[in-house]
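A short worksheet on the structure shown next.
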Amino acid sequence: MSESETRVHFRVIRYIREAGLKLHLENVPVATASTIYHKFFREYQLKDYDPFLIGVTCLSLACKVEEQNVRLRDIINVCYRTLHKNKAPLEIGDTFWQLRESVTQCELYLLRALKFKVMFDHPHKYLCHYLKAVSDWLEPRQWEEVPVGRTSWALLCDCYHSDLVLDHQPQHLAVSVLYLALQCHGLELPVHKHAAVKWYQVFSNSISLEIIQTIITKIMAAYDVENQVPR
Amino acid sequence: MPKEEPTYPFCPDETKYEKLAKIGQGTFGEVFKARDKKGKIVVAMKKVLMENEKEGFPITALREIKILQVLKNDNIVNLLEICRAKATPHNRYRSTVYLVFEFCEHDLAGLLSNPQVRFNLAEIKKVMQQLLNGLYYIHSNKILHRDMKAANILITKTGKLKLADFGLARAFSDKLNRYTNRVVTLWYRPPELLLGERNYGPAIDLWGAGCIMAEMWTRSPIMQGNTEQHQLTLISQLCGSITADIWAGVDKLDLFNKMELPKGQKRKVKERLHGYVKDQYALDLLDKLLTLDPSRRVNSDDALNHDFFWVEPLPQDLNHMLSRHNKSMFEYLAPPRRRGPIQQQQGAPGAGPSGGPGGQGGPGGVRPAGHNPDQHFERIF
C-alpha cells in the first residue's frame, strides 16, 4: 500500500470514529466498522471507490452486525455533518435521499464483496479478562494510581486506524497493547523478572516477545501517520 | 463505483442453480428447491425480500446469516453459501440475495398432514430427541429461535431432523433485556409473550417444543387461537388458570390486567391429551414442557434426560418409516390441515373461524388456512 493510501485510510477511520462517537456507539461496533473497512480495501482498489462512502456504509453495517439499534437516517445526518463541518446540516431532500440510496446499495455491495463474513472476534473482550488478572496481581494502590486499563484500551481502539488488526490474532493484539501500556507507565508486574513463564504467555501460549514487538512497531507506525495527516 | 460490472470473487451468482419448484414461504422470503447445474446437488434457496427495505439490508436476514455461520450441528439446517442475483429493472436495480441450504425432503407439518405417514412411539421419541438436541445446541450458543412450529422443523429422507428458519432468531444474554414480544406464530406462542413479557429467554422455545410434541399425536396444532386473547383462553383451558399462585410475578407483566384470563380453570394437560397419548412418560414430559411459569418450564437439557427417552421403546431411526414415502412433504404444498382436534369448548370468547386473524400482524400472525405467497411480514427489531 502506498503512503498516500495509508493516509487516506487513516483519515477515513478517524472519520468513522468521530461519527461513531457522535452517534454514541460503543467501541466494539466501531471496531467492527473499521475491520470491515480494512478488509474491503485489502481486496479492492482505493482508486475505484469513494472511501468516505465505504466508511459510512461500514458504520451502518457494523451497527446491524453488533445489534446497535441506530437508524440509517441518523447515521447519514451525523456522517454528513462530520464530513462537511462548514456546511449547514442536511435537510430532507434530494441530497439526503440520494445519499441514503447510495449507502443501502453500497451495503449490499460490501456484503457480497466480503461473502457476508462480517462478524469478527475482537481483542476487546480478551483485554478485559487480561486487565482483570493484572489488577489482581498488582498492589491495589498501584492499580488505582496508574491508569493501565485506560491506556491499553485507548491503544487498542487506536490500533484500528491501521489494517494491522487483520493480521494478528485478537489475543495477541490484546497482550501487545497491554504490554505497551505497562511500558508507557514504567510498570513492571511483580516477580516478572524471575518467572519461568512470562506473564504474556499465561494469556496466550502462542505469543512471543517477537510478535509483541512486531505489533507494537506497527502501532507506533500508525501514530506516525497521524502526524502526517492534517487535522 | 467502478463502471464495469465488478467480479465478486467470493459471492457466486444465482444462475449457478436451476430452480425446480417453490416449496415454501419463510419469514422474510420465498423458498425454492433448486439444483446445482454443475454438481447436480439439490439445495433449498431462500430469497431475501428487499423491496421494502428503507434501512438497507434487512437486519433479520443479517442475523440469520450471522447465526447460521456460527451454528454447525447435525440438528440445525446447514447454510451452504450465499448467492446473489444481478440488479435488473425487474428488481428495481436492487440485487437479490439468496441463502443456499442443504435440501431436506420434508417438514414436520407436511408429514403430519399426511395420514399415510404414521409415527410409532419410538419414532416420535427420535423426533423429539433430535428437536431438543437442536434446541440444546442453539441455547448453549446463546441463541433463541423464536419461531418454533412444525413447519420450521425439517426432516431429511433419512430421518435426520433439522431446525430451520432462523429469520426471527437472535442472540440473548442473561442480563435484563427488552426484546420485542411480537415473535412466534400465535398457535405456538407461550403465555409469557402473550402477556407482554420482553425479558424472555430460552423457555419460549420449549413451549413451542411442547406444542409440537403434542402435535405428533394429535396431528394438528393443539391450540389454534384466532387472537392473542383467544390463544390465552385456550392455554388457560388446557394448562389451568394463569394466577400469581402458580406463576410468581405474572401479575407484574404488562398485559396481565388488560387481558381477560379465565378463572377457576383446572390444569388438564394430561387428561385432555390422554385421548391421544397413551404413554405415561410422554404425558409427563408434555406436562413439563407446557408449564405456564417460564422459570419452572423444563429446559432442553433436563428434557433430554427425561425418562421418556430412556425407557423402552427407545428412540428409533425414522429411516425405515420414511423410506416408504418417496414424495416430498412440505406444509406449503400440503392441503390445509383439519382444525381444532382437541379444542371443543363452546363459546370461548373470540372463538370461531369468523374471528379471523384480527389484530395479529407481525410475523407471529395466525397461520393462514391457505397460503398467501404475497404476504409481507412486518419487519421488527
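List the lysines whose Cα lies under 19 Å from the Cα of B:Lys278, skipping any in the same chain that are fewer than 8 positions away.
B:Lys125, B:Lys126, B:Lys268, B:Lys270, B:Lys288
For B:Asp245 and B:Lys142, compute 0.36 nm times the residue count separating them, minus their Cα-Cα distance, and round to one decimal in nm. Numbers along the way, then the final one.
Working: separation 103, 0.36 × 103 = 37.08 nm, distance 3.03 nm.
Result: 34.1 nm gained on full extension.
Could you work out the equivalent-ellipsoid semi-axes for region B:92-168, taking the square root of 5 times each eigenvalue of the Cα gyration tensor, largest first, in whole Å?
On the way: eigenvalues 132, 64, 22 Å².
Taking √(5λ) for each eigenvalue gives 26, 18, 10 Å, largest first.
So, in Å, what gap is there between the alpha-carbon centers of region B:131-167 and region B:260-321?
Centre-to-centre distance over Cα atoms comes out at 18 Å.
Expressed in nm to one decimal, what extension gain is obtained for the pair A:Trp137 and A:Met220 from 0.36 nm per residue of sequence separation less their Cα-Cα distance? Don't skip to the answer; put the middle values down first.
Numbers: separation 83, 0.36 × 83 = 29.88 nm, distance 2.75 nm.
Gain in length upon complete extension: 27.1 nm.
Sticking with the crude label model, points 7 Å out along Cα→Cβ, report the distance from B:Asn114 to B:Thr88 in nm, one decimal please.
3.4
Take every residue in peptide A:59-65, count the Cβ atoms of other chains within 10 Å of its Cβ, and give the average of those counts.
What the average comes to for A:59-65 is 3.
Only Cα pairs under 8 Å and at least 6 apart count here; give the relative contact order of region B:107-345 as a rounded whole percent.
Working: 374 pairs, mean separation 70.4, N = 239.
Averaging sequence separation for qualifying contacts and normalising by length gives 29 percent for region B:107-345.
In debye, nearest 20: dipole of region B:12-102 around its Cα centre with unit charges on the Cβ of K, R (+) and D, E (-)? Spell out each step's value before the answer.
On the way: 18 positive and 12 negative charges, 53 e Å.
Once rounded to the nearest 20, the dipole reads 260 debye.
Let me confirm one metric for peptide A:105-112, namely the mean number of other chain beta-carbon atoms within 10 Å of its residues' beta-carbons.
Values: counts 6, 2, 5, 11, 5, 1, 9, 10.
Taking the mean over all residues of the peptide, I get 6.
Could you check which residue among A:Arg17, A:Arg150, A:Arg100 shows the biggest mean-square fluctuation in a GNM of chain A with a 10 Å Cα cutoff?
A:Arg150
Over 19 Å between Cα atoms: which of A:Lys115/B:Lys66; A:Lys117/B:Lys72; A:Lys64/B:Lys22; A:Lys117/B:Lys33; A:Lys115/B:Lys149 fall into that group? Walk me through the numbers before you get to the answer.
On the way: A:Lys115/B:Lys66 11 Å; A:Lys117/B:Lys72 16 Å; A:Lys64/B:Lys22 30 Å; A:Lys117/B:Lys33 25 Å; A:Lys115/B:Lys149 30 Å.
Violating the 19 Å limit, Cα to Cα: A:Lys64/B:Lys22; A:Lys117/B:Lys33; A:Lys115/B:Lys149.
Say R0 is 35 Å: what FRET efficiency, to the nearest 0.05, do A:Leu83 and B:Thr15 get from their beta-carbon distance?
Plugging the Cβ-Cβ distance into 1/(1 + (r/R0)^6) gives 0.35.
Based on other C-beta atoms within 10 Å, arrange A:Leu99, B:Leu144 from fewest to most.
Numbers: A:Leu99 19, B:Leu144 25.
With the sparsest Cβ surroundings first, the list reads A:Leu99, B:Leu144.
Among bridges DSSP assigns within the protein assembly as shown, what percent are antiparallel (round to 5)?
Working: 31 of 34 bridges.
Taking every DSSP beta bridge with both residues in the protein assembly as shown, the antiparallel ones total about 90 percent.
For B:63-70, what's the mean count of beta carbons from other chains sitting within 10 Å of each residue's beta carbon?
Numbers: counts 3, 0, 6, 7, 1, 1, 5, 1.
The shielding value for this peptide is 3.
Can you figure out the FRET efficiency of A:Ser4 with A:Gln213, using R₀ = 25 Å and their beta-carbon distance, to the nearest 0.05?
On the way: r = 27 Å, r/R0 = 1.09.
Taking R0 as 25 Å, the efficiency between A:Ser4 and A:Gln213 is 0.35.
Given a Förster radius of 56 Å and the C-beta distance between A:Glu188 and A:Glu43 as r, what FRET efficiency does 1/(1 + (r/R0)^6) yield to the nearest 0.05? List each step's numbers first, then the result.
On the way: r = 42 Å, r/R0 = 0.76.
Here the calculated transfer efficiency is 0.85.
How many percent of all Cα-Cα pairs in the protein assembly as shown sit more than 42 Å apart?
Values: 65093 of 186966 pairs.
I get 35 percent for the Cα pairs in the protein assembly as shown exceeding 42 Å.
B:Lys38: net charge of surrounding residues, Cβ under 12 Å, Lys/Arg +1, Asp/Glu -1, itself excluded? Could the numbers behind the result be given before it?
On the way: positive: B:Lys16, B:Arg35, B:Lys37, B:Lys40; negative: B:Glu18, B:Asp36.
Net charge around B:Lys38: +2.
How big is the Rg/Rh ratio for region B:248-330, C-alpha atoms only, Rh by Kirkwood, two decimals? Provide the component values of the computation, followed by the final result.
Working: Rg = 18.1 Å, Rh = 16.3 Å.
On the Cα set of region B:248-330, Rg over Rh gives 1.11.
With contacts defined as alpha carbon pairs under 8 Å and 6 or more residues apart, what's the relative contact order of chain A in percent?
On the way: 214 pairs, mean separation 52.9, N = 231.
23 percent.
Would you mind putting A:40-52, B:62-74, B:174-186 in packing order, based on average other-beta-carbon counts within 10 Å, highest first?
On the way: A:40-52: 14.0, B:62-74: 18.5, B:174-186: 16.2.
With the highest mean Cβ count within 10 Å placed first, the list reads B:62-74, B:174-186, A:40-52.
So what are the ³J(HN,Hα) numbers for region B:166-181, from phi and the Karplus equation (6.51, -1.76, 1.60; θ = phi - 60°), rounded to whole Hz, Gly and Pro as x?
So the J values, rounded to whole Hz, are 8, x, 10, 5, 7, 6, 10, 10, 8, 7, 5, 10, 10, 8, 6, 9.
So what's the back-of-envelope 222 nm ellipticity for chain A, counting only DSSP H runs of four-plus at -39500 (n - 2.57) apiece and dividing by all residues, rounded to 500?
Working: 11 runs with 156 residues, N = 231.
Counting only the DSSP helices, I get -22000 deg cm²/dmol.
B:Ala122 versus B:Gln280, label points 7 Å from Cα toward the beta carbon: distance in nm?
2.2
Hey, rough spin-label estimate for A:Ala195 and B:Lys157, points 7 angstrom out along Cα→Cβ, what's it come to in nanometres?
Rounded to a tenth, the inter-label distance reads 6.0 nm.
Where a number appears in this text, it was derived from the coordinates with a stated rule and is not lab data. Bear in mind that the values here come from a model prediction, so they are computed numbers and not experimental data. Cβ coordinates were reconstructed from backbone atoms using ideal geometry, including for glycine residues, and neighbour counts include every protein chain displayed.
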